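Student: Sharing a structure, written as structure tokens. Questions coming.
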Protein chains: 4
Amino acid sequence: MDFSIIRVARTVMNVTDLDRAREFYVDALGFIETESDDQHIYLRGLEEHCHHSLVLKKAEKTGVHAIGYKVQEEGQLESLEKLFQSKGLKTKWMENGSQRAIGKTLRVHDVSGIPLEFFTKMETVERMLQRYEMYKGARIQRIDHVNCQVPDVEKAYDFYVKELGFACSEYTETEDDKKWAAWLHRKQNVHDQAFMNGEGPRLHHIGFWLSDPLSIIHACDVLASLGYGSNIERGPGRHGLSNAFFLYLRDPDGNRIELYNGDYLTSDPDFKPIRWDINDPRRQTFWGHKAPDSWFEEATPFLDIETGEEVEIKNPTLKQRKPEFVI
Amino acid sequence: MDFSIIRVARTVMNVTDLDRAREFYVDALGFIETESDDQHIYLRGLEEHCHHSLVLKKAEKTGVHAIGYKVQEEGQLESLEKLFQSKGLKTKWMENGSQRAIGKTLRVHDVSGIPLEFFTKMETVERMLQRYEMYKGARIQRIDHVNCQVPDVEKAYDFYVKELGFACSEYTETEDDKKWAAWLHRKQNVHDQAFMNGEGPRLHHIGFWLSDPLSIIHACDVLASLGYGSNIERGPGRHGLSNAFFLYLRDPDGNRIELYNGDYLTSDPDFKPIRWDINDPRRQTFWGHKAPDSWFEEATPFLDIETGEEVEIKNPTLKQRKPEFVI
Amino acid sequence: MDFSIIRVARTVMNVTDLDRAREFYVDALGFIETESDDQHIYLRGLEEHCHHSLVLKKAEKTGVHAIGYKVQEEGQLESLEKLFQSKGLKTKWMENGSQRAIGKTLRVHDVSGIPLEFFTKMETVERMLQRYEMYKGARIQRIDHVNCQVPDVEKAYDFYVKELGFACSEYTETEDDKKWAAWLHRKQNVHDQAFMNGEGPRLHHIGFWLSDPLSIIHACDVLASLGYGSNIERGPGRHGLSNAFFLYLRDPDGNRIELYNGDYLTSDPDFKPIRWDINDPRRQTFWGHKAPDSWFEEATPFLDIETGEEVEIKNPTLKQRKPEFVI
Amino acid sequence: MDFSIIRVARTVMNVTDLDRAREFYVDALGFIETESDDQHIYLRGLEEHCHHSLVLKKAEKTGVHAIGYKVQEEGQLESLEKLFQSKGLKTKWMENGSQRAIGKTLRVHDVSGIPLEFFTKMETVERMLQRYEMYKGARIQRIDHVNCQVPDVEKAYDFYVKELGFACSEYTETEDDKKWAAWLHRKQNVHDQAFMNGEGPRLHHIGFWLSDPLSIIHACDVLASLGYGSNIERGPGRHGLSNAFFLYLRDPDGNRIELYNGDYLTSDPDFKPIRWDINDPRRQTFWGHKAPDSWFEEATPFLDIETGEEVEIKNPTLKQRKPEFVI
């Protein structure tokens, strides 16, 4: 299980209208558009030296093709293939050249049905970190994490921690000590991958790192002045869990984006995962603010790596779908 | 009508437990306690050279004794007395020495029944603006404004603008062009005094100026860590009306405090008051966030300047009590 | 002496290259360009509803044509003319229509030789305060003040305070209690007009108000990324005097601009002017940072209202040209 | 060379007066005092779950006893001992219990003579990250890095990269391509350990991470209001190298502390180290500000792990001691 997975590196996601998506992601949020064609827009943050961390793909319906992880050594792709095959999970190779800007890639479904991909190489491009004249909107710095709703958090947790070598920084339990949500990381902050109990597998949100809390305030102002007020779903606020300052947005297709700043270093193996009770009002929002129903209920389906059809969505194993205080 | 009223200068307000109030106002919010006795706490902000801008008075029940305005010349107090008497409104003198730290004071009820007071002198004390080691919590700088719910905004507006010489910076109208709320000022920012349609007269909130938007974020964090999460009623957010960044809090007695930063200069008489439609979702919160019902419904009663009894509360003349989008 | 001068409202200043100036003021600093022709650029801040607060005029050499004050009533322009004539100072009328966007204007030289102008009307335009998508660079909000080096600060102080009705918020004295500098205001913050001892009269800088301290940090980053690093002359820092957070810039012609945020309300006539000793290291920069020699020595000449020639520059009456700790 | 060194974890440093040091580090800067005795103060940041990251030790003279690195597995301490011994470098064991709060420790001198220590265990304590009511001063979050002046940067670089397994994020070269400085990391940001050319070995500074840029501004204000203005040596500013927002302070004994926020993620092995020319004016301070002479010339000596005497200081191999633009 010693796969040197570096970090979550990209998401490949459908949108129904590329121009409308560009207005939201590039003009309003301040992503850098690395390149585009009539079927794709490739986006990155100001800090990123990689070609992209978000691929928007034109399609009739929403759906997520893959969550991509960057791996240190190419030889490990085969080891990963074996692991997933040993669990009876689908795998598929995409050869170098078959996807823009990344090398040979292993696509799989994980134990929850989530389509993942593993690759070692992505083209590098100019990093815009000190091109401050290009900063606008939310001044997106880099991809930070993805959060998925899954029907069985315990099962997902076990697979990522025990098989893939993720570490857990924080987790949420029900009153009878069942795992309701978990924050797992490979890179050294709170998470690359979070799981929460719910109808799934579905992509709940992609989180992007910002440079400072005032960028979130400015993002709200810019979004509102451009007519995107109703796309602000939740926040700004402080998460109890992770301590990050956050904002949740819905893109024009309803896909959820989190703007995220200010969690902490998780380099030390002696750091004990922090347990939160699902009914602690400071867990979700440290200040006590409640998330809206849509935040618990709505998410984006995943697509089968072979058929492209929506992955079947199952009911969660734990009955409690929300903290008590929001019910 | 040329009364040189300078600005709103203080509020005298009941609390039921002085120690509990001190923990909230001084320890959590960062007010400076100028002095106190067993019946009062006198509070000021870091910028204020005046003895206080908020008097907390121990009492069995909540209630506001007076909203105090500072006037430039003492001779005008008599002129003000005549104006209020000419309208058949109650007036009362409080001689120099009868109230801690302020000179001779005229108390009156205005056309909505709100108890006001006018005075010219308040003791001065050390200004703590550059005593940064004393900054904590919200780092309260100074009193900025008060907002009152009144049954007839048009009537209150006319009296303050035409008789007392306030200027209007912004106002809200219903679809049939009736004044639903108005922001009126003597000093050169958006308001000293706001009125909004509702059961009244009641004190809706007292607004205090902060030095920058991040002080509001930090205030939320400190409040939550001290267990005041449920005292955060609304925000943080950006007001469409006034453009200020704001947070609404309820003190331990339920009195509402606004933390406020970032409106604009209103020095120029050629600045045309900005009209907002009550149903414009960007009016209250520029980002589209909805205020909770409590924000529209709950407020603090005023007390009669003679009897000390609660001033009678009347139903508003305009039926619409909230914007449509929050109903 | 009861002239209802509202505030400093504009500066008319030469630049030698309009395109180069536009790159600095509009592209880098974020001024709004209201309009321009082949001889002028008219600039305003995001908060301003007036046509402009800075006129850049194409010329062979640098020089300032006028510091403009807005006055409440047109009738007072004649009273002002009489005042200046009674002191034997030059006056000149510029009729309505002779200057873009402003009405009938009185130009004069003050007791230090500084060209001033007084007018009551300026065209109004759309205020961009909530057009957050247009915010860039330093996000300039509005003109705040001008600072002039004059040979005799005491004389300038007396004229502005006793004849023109300015109030003093703070001042600097030498060890033998001579006025070395003074901060004077009509609007309700620290200054519209400051004077400091030095070769003069010369325009030391024009100060523009920003919305928050982080805008100054971002301005530095943007300036540096656009190659204007050497235009940053001093700061960022906190002024002891005024308590503002500041940055001093030199435009491509060497004219000095201050970015300024966070002073305090000066509405109350009982606020006693704050005295600073010129040799107090916290006066200039609260943190103790020293200003460079250029900041004391370099400034822009004024131009005669009749001849357009440079106003003669005299040596200061006080010998001390800098605080001791920077010598 | 596969030592799983996690990160720089602490510094053990002399101060001549514990009370005076406490006022600076705890009262002004906001470190948490975990515990103290009459010879030591143990300090940590708000984010740290470890017992301390800075030990102040009472002594007659300044001097640094050790820079401490946390290592993942205890077995590697012996491997590290062998490495250092194989290079002819001094090593010394400090058994569990011999130092407060940390386990068995290997002390060594590195190739530049710097005293290092390696340990795997430190007592854990309550993390104060969400105890916002305790935030004050600079709101120190955690130790980030140390920077040492050494006579031969190339030699130090080779040892840390090739023998100890550090990665290089950025480096500075002279015009003839000699390494003048290098930023090396084990954890995933810009550095744990930096080296710069100069008389050495000496500790140039210890860098502490802050949560946001405004904390640095507030720290300056608090330091100045407490009389520590002259302890601010350089900044605030933006580093070109690392992109961090910074402030350099001198403690009451002259030891240098950096407040640091906002570098970037260095998780990816395909990130190419960024080369800077020593004479690039944006390298040190992106905005072009010059560091004072003291910043290049003054530093704290290291102490021998056996004798406790000052480690001999040698002249640097590269003649250029400063960028050209500051000479």
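Student: Give me a comma-separated list of calculated 3J(HN,Hα) values for the stretch D:100-106, in order, Karplus coefficients 6.51, -1.76, 1.60 applied at θ = phi - 60°, integers in Hz, x for any Gly or Pro.
Tutor: 4, 6, 10, x, 3, 9, 9
Student: What does the copy distance list look like for B:E123, label position 7 Å along Cα→Cβ, in nm and ordered from shortest?
Tutor: 4.9, 5.6, 7.4
Student: When chain D is treated as a GNM, springs tying every alpha-carbon pair under 10 Å, which of D:N14, D:N96, D:N255 comes out with the largest mean-square fluctuation?
Tutor: Between D:N14, D:N96, D:N255, it is D:N96 that shows the largest mean-square fluctuation.
Student: Something else about it: When each copy gets a label point 7 Å from Cα toward the beta-carbon at B:T16, what are the spacings between them in nm, shortest first?
Tutor: 5.3, 6.0, 7.4
Student: OK, next. First measure r as the distance between the Cβ atoms of A:E60 and A:Q85, then evaluate 1/(1 + (r/R0)^6) with R0 = 35 Å and state the FRET efficiency to the nearest 0.05.
Tutor: Result of the calculation: an efficiency of 0.65.
Student: Ranked by Cβ crowding within 10 angstrom, fewest neighbours first, how are C:H65, C:H52 ordered?
Tutor: C:H65, C:H52
Student: Let me ask something else about it. Quick one: order B:S98, B:S211 by neighbouring beta-carbon count within 10 Å, fewest to most.
Tutor: B:S98, B:S211
Student: Which chymotrypsin sites (Phe, Trp or Tyr not before Pro) in the stretch C:1-30 pass both tests, a DSSP loop state and at most 10 other beta-carbon atoms within 10 Å?
Tutor: For chymotrypsin sites (Phe, Trp or Tyr not before Pro) across the stretch C:1-30 that sit outside H, G, I, E and B with at most 10 neighbouring Cβ atoms in 10 Å, the list is empty.
Student: Moving on to the next point. Can you tell me how chain D classifies by the Cα gyration tensor, rounded, prolate or oblate, using a/c under 1.5 as the rounded cut?
Tutor: Judged from the Cα gyration tensor, chain D comes out rounded (a/c under 1.5).
Student: List the distances, in nm to one decimal, from the label point of D:S36 to the label points of the same position in every other copy, shortest first, placing each label point 7 Å from Cα along the Cα-to-Cβ direction.
Tutor: Spacings between copies for this position, smallest first, are 2.9, 5.9, 5.9 nm.
Student: Using r as the Cβ-Cβ distance of B:K314 and B:D158, and R0 as 22 Å, what FRET efficiency do you calculate, to the nearest 0.05?
Tutor: That gives a FRET efficiency of 0.80.
Student: How large is the dipole of chain A about the Cα centre if only Lys and Arg carry +1 and Asp and Glu carry -1, each at its Cβ, rounded to the nearest 20 debye? Let's see the in-between values first.
Tutor: Values: 42 positive and 54 negative charges, 57 e Å.
I would put it at about 280 debye.
Student: Tally the DSSP beta bridges in the stretch D:5-119 and give the antiparallel ones as a percent, rounded to 5.
Tutor: 75
Student: How crowded by other chains is C:123-131, given as the mean number of beta carbons from other chains within 10 Å of each beta carbon?
Tutor: Taking the mean over all residues of the peptide, I get 3.
Student: Over all alpha-carbon pairs of the protein assembly as shown, lay out the pair-distance distribution in 20 Å bins, whole %, shortest bin first.
Tutor: With a bin width of 20 Å, the distribution comes to 10, 37, 37, 15, 1.
Student: Around D:F302, which amide H atoms from residues at least 5 apart in sequence, or from another chain, sit under 5 Å from its own amide H, with H modelled in the peptide plane?
Tutor: Those lying under 5 Å, H to H, from D:F302 are D:V64, D:L203, D:V311.
Student: For every helix of n ≥ 4 consecutive DSSP H residues, a contribution of -39,500 (n - 2.57) applies; sum these over the protein assembly as shown, divide by its total residues, and give [θ] at 222 nm rounded to the nearest 500 deg cm²/dmol.
Tutor: Details: 24 runs with 180 residues, N = 1308.
That calculation yields -3500 deg cm²/dmol at 222 nm.
Student: If I model the stretch B:173-240 as equal point scatterers sitting on the Cα atoms and use the Debye formula, what is log10 I(q)/I(0) at q = 0.20 Å⁻¹?
Tutor: -1.06
Student: Give a quick list of GluC sites (Glu not before Pro) in the stretch D:165-224 that DSSP marks as loop, anything other than H, G, I, E or B, with at most 14 other Cβ atoms within 10 Å. Spell out each step's value before the answer.
Tutor: Values: sites: D:E170, D:E173, D:E175, D:E199; in loops: D:E175, D:E199.
Filter output for the stretch D:165-224: D:E175.
Student: Simple spin-label model, 7 Å along Cα-to-Cβ: D:T174 to D:D270 in nm?
Tutor: It works out to 3.6 nm between the two label points.
Student: In terms of the Cα gyration tensor, with a ≥ b ≥ c the square roots of its eigenvalues, is the stretch C:213-316 rounded because a/c is under 1.5, prolate because a/b exceeds b/c, or oblate?
Tutor: Verdict is oblate for the stretch C:213-316.
Student: So what are the radius of gyration and Dmax for the Cα set of the stretch B:124-163, in Å?
Tutor: 17.6, 46
Student: Over the stretch A:118-187, what number does the Rg to Rh ratio reach, with both radii from the alpha-carbon atoms and Rh per Kirkwood? Before the final figure, lay out each step's value.
Tutor: Values: Rg = 17.4 Å, Rh = 15.4 Å.
Result for the stretch A:118-187 is an Rg/Rh of 1.13.
Student: Of C:K82/C:K162; B:K162/B:K272; A:K92/D:K272, which ones are farther than 24 Å apart at the Cα?
Tutor: A:K92/D:K272
Student: Tally Lys and Arg at +1 and Asp and Glu at -1 over the other residues with C-beta under 15 Å from the C-beta of B:L259: what net charge comes out?
Tutor: Net of charged neighbours comes to -2.
Student: Next up: Dipole of the protein assembly as shown, Cα-centred, from +1 at each Lys and Arg C-beta and -1 at each Asp and Glu C-beta, to the nearest 20 debye? Please report the intermediate quantities before stating the final value.
Tutor: Values: 168 positive and 216 negative charges, 1 e Å.
It works out to roughly 0 debye.
Student: While we're on this one: What does the charge count around B:E33 come to, taking other residues whose C-beta lies under 11 Å from its C-beta (Lys +1, Arg +1, Asp -1, Glu -1)?
Tutor: Summing Lys/Arg as +1 and Asp/Glu as -1 gives 0.
Student: Among DSSP beta bridges whose residues both lie in chain B, state the antiparallel percentage, nearest 5.
Tutor: Among the beta bridges of chain B, antiparallel pairing accounts for roughly 70 percent.
Student: Would you mind counting up the charge near A:T307? Only other residues with Cβ under 12 Å from its Cβ, with Lys and Arg at +1 and Asp and Glu at -1. Kindly include the intermediate steps, with their values, before the conclusion.
Tutor: Values: positive: A:K90, A:K92; negative: A:D304, A:E306, A:E309, A:E310, A:E312.
Cβ neighbours under 12 Å give a net charge of -3.
Student: Continuing with this model, one more query. Residue-wise, which Karplus ³J(HN,Hα) couplings in Hz belong to the stretch C:114-129, taking 6.51 cos²θ - 1.76 cosθ + 1.60, θ = phi - 60°, and x for glycine or proline?
Tutor: 6, x, 10, 9, 10, 8, 10, 10, 9, 3, 9, 9, 5, 8, 9, 3
Student: Using modelled amide H (1.01 Å from N, peptide plane; none on Pro or chain starts), what sits under 5 Å from the amide H of D:R234, excluding residues fewer than 5 places away?
Tutor: Here the answer is D:Y248, since their amide H atoms fall under 5 Å of that of D:R234.
Student: Just to confirm the filter: which GluC sites (Glu not before Pro) across the stretch A:29-107 are DSSP coil and have at most 11 other Cβ within 10 angstrom of their Cβ?
Tutor: Values: sites: A:E33, A:E35, A:E47, A:E48, A:E60, A:E73, A:E74, A:E78, A:E81, A:E95; in loops: A:E47, A:E48, A:E60, A:E73, A:E74, A:E95.
Of the GluC sites (Glu not before Pro), the ones in loops of the stretch A:29-107 whose Cβ has at most 11 other Cβ atoms within 10 Å are A:E60, A:E73, A:E95.
Student: Using a Förster distance of 45 angstrom, determine the FRET efficiency expected from the C-beta separation of A:K92 and D:K121, and round it to 0.05.
Tutor: Efficiency, rounded to the nearest 0.05: 0.50.
Student: Right, here's the next one. Please arrange C:K179, D:K314, B:K70 by counting, for each residue, the other beta carbons lying within 10 Å of its beta carbon, fewest first.
Tutor: With the fewest neighbours first, C:K179, D:K314, B:K70 line up as D:K314, C:K179, B:K70.
Student: Under the rule of at least 5 residues apart or a separate chain, name every residue whose amide H is placed under 5 Å from the amide H of A:W287.
Tutor: Here A:R238 satisfy the definition.
Student: Given Cβ point charges of +1 (Lys, Arg) and -1 (Asp, Glu) and nothing else, what value in debye, to the nearest 20, does the dipole of the stretch D:184-250 about its Cα centre take?
Tutor: Dipole size: approximately 160 debye.
Bear in mind these aren't lab numbers, they're just calculated from the coordinates by the rules spelled out. Just so it is clear, the model here is predicted, and its values are computed rather than measured. When we count neighbours, we look across all protein chains shown, and the Cβ atoms used for this are built from the backbone with ideal geometry, even at glycine.
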